[in-house]
Structures are given as C-alpha cells and as structure tokens.
There are 2 protein chains.
Amino acid sequence: MRATLMYGAGDVRVENVPDPKIQNPTDAVVRVVRSCVCGSDLWPYGSMPASEEGRRMGHEFLGVVEDVGSEVAGLKSGDLVVAPFVWADNTCDFCTEGLHTSCRHGGQWGPNGVDGGQGEAVRVPQAQGTLVKLPVAEDSALLPSLLTLSDVYCTGHHGVVTSRVAPGKSVTVIGDGAVGLCAVLAAKRLGAERIILMGRHTDRTDLGRDFGATDVVPERGEEGIERVRELTGGDGTHAVVEAVGATQAMDTALSIVRHGGVISRLGVAQYTEIPLGFESMMGNITVTGGAAPARAYIEQLLPDVLDGTVEPGRVFDHTVGFDRVPDGYRAMADRTALKVLIQP
Amino acid sequence: MRATLMYGAGDVRVENVPDPKIQNPTDAVVRVVRSCVCGSDLWPYGSMPASEEGRRMGHEFLGVVEDVGSEVAGLKSGDLVVAPFVWADNTCDFCTEGLHTSCRHGGQWGPNGVDGGQGEAVRVPQAQGTLVKLPVAEDSALLPSLLTLSDVYCTGHHGVVTSRVAPGKSVTVIGDGAVGLCAVLAAKRLGAERIILMGRHTDRTDLGRDFGATDVVPERGEEGIERVRELTGGDGTHAVVEAVGATQAMDTALSIVRHGGVISRLGVAQYTEIPLGFESMMGNITVTGGAAPARAYIEQLLPDVLDGTVEPGRVFDHTVGFDRVPDGYRAMADRTALKVLIQP
C-alpha cells in the first residue's frame with residue numbers, strides 16, 4: 001500500500017510500504033477513507049533532521065474495518081470507524097479516568113512498527129478500545145466533520161473543558177489554526193459569553209466568527225495583549241486556550257488571563273519553560289491542558305456532528321489525493337491551506 | 001503602641017508607632033490578642049535590603065474589636081474576630097467568586113499606611129468584609145488553632161482543594177513547614193487515601209503523621225523523587241502540594257505528579273519560571289494554586305476547629321511576647337521553632 005513518510009524538514013514522500021496485517025489478537029486492519037495533515041506535523045516539517053529511514057506520518061483517520069483479531073469484540077468488517085490520535089485500550093485506570101493519552105497499553109501512530117494515518121490502510125492496535133463506530137455510510141457528506149473527532153475538534157473541546165469555559169464565561173483563543181477554530185466552536189457550544197479569537201489570517205478568523213467568535217484580535221505581542229485587555233475592562237478573560245505552542249503565545253496567555261483564570265495549552269510546546277513566578281501565583285493563575293484524550297470525548301461530541309449542529313469539518317479547505325500529499329504539507333506550511341484533507 | 005518592623009535581612013525591631021484610629025467609615029480598630037510569624041516572613045528576613053524606614057510586619061492576627069467606622073455593620077466593640085492575611089470587601093466580583101486575594105478594593109497588611117498584624121493593634125480597612133467573628137472568649141484554649149484560619153490552615157486547605165484532593169486520591173505535600181503540615185491536615189479532612197509528606201525535620205514530620213500523613217520521605221532531589229515513585233508504583237501521586245516555593249521543590253513536584261495530576265503551589269515563588277515543556281504537556285499536568293483566599297474558607301473550616309476535630313494550632317511550638325519578637329524570627333529562621341505565636 002501507499003503511505004506517507006517524512007525524511008526530514010520539507011521532505012515528505014508517498015511510498016510503497018507493506019500492507020498491514022493482524023499481528024496481535026487485539027488488532028484490527030482499517031482501510032483509510034479519509035485522513036489529513038495536522039498542524040503539529042508542521043513542526044517536524046520545519047525542523048526534522050534528515051533521516052534515511054523516514055518517519056511514518058499521520059494520526060488522524062477514519063475508515064472501514066477490513067479485518068479484526070480474535071480478541072476484538074464489537075467491531076466487524078465493513079464498519080466505518082474513526083480513530084483518535086493515540087490508540088488506547090479504553091480499560092486501564094488512566095482510560096477509565098478519561099486520560100486515554102496516558103493509557104498503560106496505548107501508544108502513538110507511526111513509531112515502533114505501528115502504521116501512520118496518512119496511508120491507505122492502518123493496523124490498529126488495541127482496536128476494540130481505540131475505534132469508535134460511525135453510523136453513516138462511507139460516502140457521507142459528514143466525513144470531514146467526523147474526521148475532526150480524531151483530533152482537532154476533540155482537542156479544541158479539551159482546551160475549553162479544562163479551562164472551565166461555561167455559560168457567562170469569557171475565553172480568548174490564541175491561534176487561528178484548525179485547533180484554535182475548533183476551540184472557538186467548542187466554547188460556543190458550551191455557552192461561553194465572550195469568545196475572543198487572536199489570529200491574523202482573515203479567511204480563518206472569518207470562519208472563527210462563523211464558529212462563534214465575538215471578537216477578533218489580529219495584533220500580536222504587546223499590542224495584542226493591550227487589545228484583549230481593552231476588550232475586557234483591563235481584566236483579561238476567565239479562560240485562555242493557547243493553540244499555537246510558541247513562547248510568545250504562552251507569554252501572551254499569561255498577560256491576558258484574568259485573576260483566578262485558567263490557561264489551557266493545546267499547541268505542541270516548543271518552549272521548555274513557562275514564566276510562572278510570583279505574579280501569576282498572586283493571581284491564582286492555573287495552567288492546564290495538554291494532549292487531548294480524544295477517545296474520551298468522541299461519543300459525547302458525535303451527536304452534534306451527526307445532526308449538523310456543529311460543522312467542525314469546515315476547517316478543511318483543501319483536499320488532496322495520495323499523489324499530492326507533499327503538496328498538502330507545503331500548502332499548510334505556506335499558510336495557503338488551513339487544513340488539508342487526504343482522500344485516497 | 002508597639003509594632004514589629006523589619007529594617008533589613010536579620011534586622012527585626014519592635015518599636016513604638018502611632019496608635020491606629022478609624023480613618024475611613026469602613027475601618028475598624030482591633031486590639032491584637034494573638035499574632036504570629038509566617039514562613040513567608042523568612043524570605044525578607046533572609047534577603048531584604050537595608051531600609052531606613054523599615055517595613056511593618058505581620059499578616060495573621062486575631063483580636064478584639066475596639067472601634068468601628070460608621071459604615072461597618074455586624075461588628076461591634078468587644079467582638080473577638082480573626083482577620084485573613086489580606087483584607088477585602090467581600091462583595092466585589094472577585095470576592096463573590098471566592099478570590100478575595102484579588103479583591104478590587106482590598107490589599108495587604110503592612111504597606112501604604114496599613115498596619116501589620118505583628119503589633120498591639122491594627123486598623124482594619126474594609127472591616128465588614130474582612131473580619132470574621134469567633135464565638136469564643138478571649139482566653140479560649142482554641143486561640144492558636146483559630147489563628148491558623150488567618151493563613152496557614154486556609155492556605156493548606158487551598159492547596160488541597162485546588163489540587164482536587166478527594167476520597168481515594170493520593171497527595172504528596174512538599175515541605176514540612178506550617179503550611180505543609182496544615183495541607184496534610186486538610187488532605188486528611190477531605191479524605192485523601194494516601195498522604196506522603198516530604199520533609200526532614202523529624203519533630204515536624206512526626207506532627208505531620210499525627211495530622212494524617214501516611215508516609216514520610218526525608219530525602220530531597222533525585223533521591224526524594226525516586227522514593228515517592230517507589231511508593232506509588234512509579235506513577236506519582238494525583239496531587240502535589242508545593243509548600244516551599246524553591247526551584248528544587250517545584251522540580252520535584254513535576255517529577256512526582258501522576259499523569260493527569262495537579263500541582264498546587266503554596267510556597268511563595270522564589271523561582272521565575274517552571275519547566276513546563278513538552279513532557280508535562282503530554283502528561284496533562286496542571287499547575288494551579290497561589291495565594292490562598294483565606295476569607296473564602298474561614299466559615300467552612302471554623303466548625304471543625306471549634307469542636308476540636310482538627311487542631312491546626314499545634315503548628316505553634318514557640319510563644320513570645322512583644323519584647324521577644326526578634327527572637328521568634330531568629331528561632332524560625334534557625335529552624336529551632338516551627339511557627340512562633342506572638343502573645344502581647
């Protein structure tokens with residue numbers, strides 16, 4: 001089958017790799033119907049040292065079950081399923097607590113002989129715990145939105161839940177990428193009164209407004225901080241969702257969060273420390289969030305996606321087939337595409 | 001009246017200062033019956049640059065109301081009252097949310113013409129919002145425990161509440177000072193299953209065991225981390241209460257908190273940043289806590305103090321009169337006293 005590998009910064013290739021087969025009785029094999037490129041893929045795309053082996057890419061996909069191991073219950077060939085961006089047994093203590101990203105028997109897509117999602121098929125370890133059945137057909141118009149349950153919509157939701165967004169609360173979302181926009185959508189869904197979106201790509205912030213942003217702040221750094229403070233009477237917002245991962249974004253977050261407020265970090269941390277000293281302590285600022293346990297959220301977010309109440313799939317503005325996956329990476333890196341859907 | 005001033009590192013003096021009088025209609029004047037030295041006073045005691053004016057000290061006291069301004073309702077001369085370690089109106093939006101430390105009309109004891117608590121009397125701004133009446137007599141044996149509602153017991157409780165300690169949960173308390181020991185007591189009261197106390201002063205950790213610690217770890221740094229990990233099957237604890245404020249203590253906290261767990265910081269931050277990078281993000285670690293809104297907790301913690309269910313006043317192991325306040329500081333700095341009660 002064909003699959004996507006990254007060999008270094010800017011070097012993405014689609015190559016032939018062995019077809020996946022059941023290796024363990026807890027595996028399933030899924031034929032990929034839709035996958036996509038993640039904003040987090042852009043970090044290695046910008047900086048990965050050259051490698052001879054390459055790295056299997058992709059951690060978001062939905063597809064059709066083709067085969068299941070002998071210990072996989074509840075799934076059968078032909079089922080359409082979505083996979084969260086880490087696989088997990090859904091039964092260990094961490095999973096039971098809703099923290100599937102720390103599953104004792106789970107892991108990531110790509111390394112250690114596990115397929116990546118940006119391929120024609122995937123061997124899914126811990127398939128029974130990992131995969132969630134989707135009650136639609138393989139040609140459903142809902143597939144893009146359903147695919148966001150793999151990562152970005154669940155991740156945005158995680159940021160909003162962990163930062164305690166609720167009716168009457170205000171939230172600033174830093175970053176107008178797919179995760180930031182999904183955080184706006186999730187904040188709106190949970191009743192946030194005010195949703196400030198910090199981003200400067202008009203086409204993205206326009207979608208952010210459609211998703212529920214009440215204010216858009218294109219300025220960055222000190223200017224952006226000043227602007228959010230003006231909008232909030234000097235206080236900042238109850239919640240801040242940091243959906244970039246850069247040092248400046250985290251510095252901004254600390255300057256615009258209200259006393260007693262919560263910063264949830266979703267952007268893959270490119271920083272190694274956060275300037276949380278005396279001042280943030282006096283203000284009782286909380287820093288939370290992290291890798292979203294998407295699996296814990298899929299069932300609860302699914303109904304609103306199925307009935308069209310929310311359309312997180314609107315973050316996909318570009319579709320490529322397998323031959324053009326490298327173009328998809330380039331388009332996202334150049335910011336000419338917001339999020340790229342891969343349709344085999 | 002006499003009051004305590006600090007003129008620089010190691011230089012504490014008791015001097016005559018003007019008697020407090022009502023200045024604003026929202027003031028009260030309280031004759032101090034008990035006050036004390038705080039672990040946080042030791043930071044300036046160790047490092048304050050020499051000053052000609054001196055700094056009024058003390059932020060924990062209880063006493064008898066002597067006079068009230070015309071706008072103070074619910075308090076009258078003769079009432080025994082306890083003051084939280086910041087004064088607050090108890091009506092603004094922050095106070096209503098339980099964050100009295102960020103009160104829009106509140107402030108600290110000591111600076112800007114406000115008396116410190118380590119004196120014979122105190123003018124209390126925003127008296128109606130700040131003071132809480134105590135239903136005991138001035139000679140009650142409960143005074144030491146009631147005085148801890150000013151700061152250390154409420155602060156320990158804040159650490160435990162914000163780190164989500166609950167029945168079945170495990171918590172590590174870093175630091176065997178008065179706040180750390182009160183956090184142990186508060187964790188026990190809230191039903192923590194396992195309470196690991198990190199501290200190496202045996203007399204203090206013995207009290208910690210009395211307060212509810214199930215394990216004591218005297219080691220620090222890598223050894224201490226290793227020990228807590230051993231005790232918890234490698235996972236760390238659900239909650240960590242950091243009651244020191246030093247860089248090493250925060251580094252330890254990050255190494256012993258379980259995935260999905262919460263670090264609450266109570267120790268006055270001597271660090272300016274926390275190494276919260278990629279790893280803590282993948283583990284969904286939360287950092288919270290801060291200056292405790294003691295006023296928000298006093299009424300709920302009071303009943304158990306009054307009926308003797310808890311005895312946080314046991315943290316006081318040394319009592320001085322006003323003439324010997326400097327000795328009290330020295331004893332705490334030398335670690336020969338755990339916490340020093342001042343009895344005028």
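Every number here is computed from the coordinates shown, using simple stated rules; none is lab data. Because the structure is predicted, anything quoted here is derived from the model rather than measured. All Cβ positions, glycine included, derive from the backbone under ideal geometry; neighbour counts span all protein chains shown.
Quick notes on this structure:
- Over segment A:1-135: Kirkwood hydrodynamic radius from C-alpha pairwise inverse distances, Å: 15.0
- In segment A:113-211, Cα pairs under 8 Å separated by at least six residues give a relative contact order of 22 percent.
- Under 14 Å, Cβ to Cβ, from A:Val29 - net charge with Lys/Arg +1 and Asp/Glu -1: -3
- Segment A:153-289 - percent relative contact order, Cα under 8 Å, separation 6 or more: 25
- Net length available on complete extension from B:Asp334 to B:Gln23 is 108.1 nm, with 0.36 nm assigned per residue and the Cα-Cα distance removed.
- In summary, the lysines within cross-link reach of B:Lys169, defined as a Cα separation below 25 angstrom excluding same-chain residues under 8 places away, comprise B:Lys188.
- If you plug the beta carbon distance of A:Glu193 and A:Glu223 into 1/(1 + (r/R0)^6) with R0 = 30 Å, you get a FRET efficiency near 0.75.
- For the pair segment A:106-127 and segment A:264-328, the centres of their Cα atoms are 21 angstrom apart.
- Size of electric dipole in segment A:153-289: Cβ of Lys, Arg +1 and of Asp, Glu -1, about Cα centre, debye, nearest 20: 480
- Rg followed by Dmax, in Å, when segment A:23-81 is reduced to its Cα trace: 15.3, 42
- Volume of the convex hull of segment B:156-289 (Cα atoms only), normalised per residue: 84 Å³.
- Taking B:Thr247, A:Thr336 and counting other C-beta atoms within 10 Å, the order from fewest to most: A:Thr336, B:Thr247
- Length-normalised contact order of chain A in % [C-alpha pairs under 8 Å, at least 6 apart]: 18
- Note on chain B: Kirkwood radius taken over Cα pairs, Stokes-Einstein applied at 25 °C and 0.890 mPa s, translational D equal to 121 µm² s⁻¹.
- Cβ-based exposure ranking for A:His259, A:His59, in which fewest neighbours within 10 Å come first: A:His259, A:His59
- Bridge orientation summary for chain B: considering DSSP beta bridges with both residues in this region, about 55 percent are antiparallel.
- Ratio of Rg to Rh for segment A:99-172: 1.04 [Cα atoms; Kirkwood radius as inverse mean 1/r over pairs].
- Coarse-grained scattering of the protein assembly as shown at q = 0.11 Å⁻¹, given as base-10 log I(q)/I(0) from a Debye sum over alpha-carbon atoms: -1.07
- Over all Cα atoms in segment B:223-344, the spread is summed up by Rg and Dmax: 18.2, 54 Å.
- In segment A:153-289, a dipole from Cβ-located charges (positive for Lys and Arg, negative for Asp and Glu) runs towards its positive end, and of A:His259, A:Phe278, A:Val184 it is A:Val184 whose Cα lies farthest in that direction.
- Neighbour-count order for A:Cys92, B:Cys95, fewest beta carbons within 10 angstrom listed first: A:Cys92, B:Cys95
- Beta bridge orientation in the protein assembly as shown: antiparallel %, DSSP, nearest 5: 55
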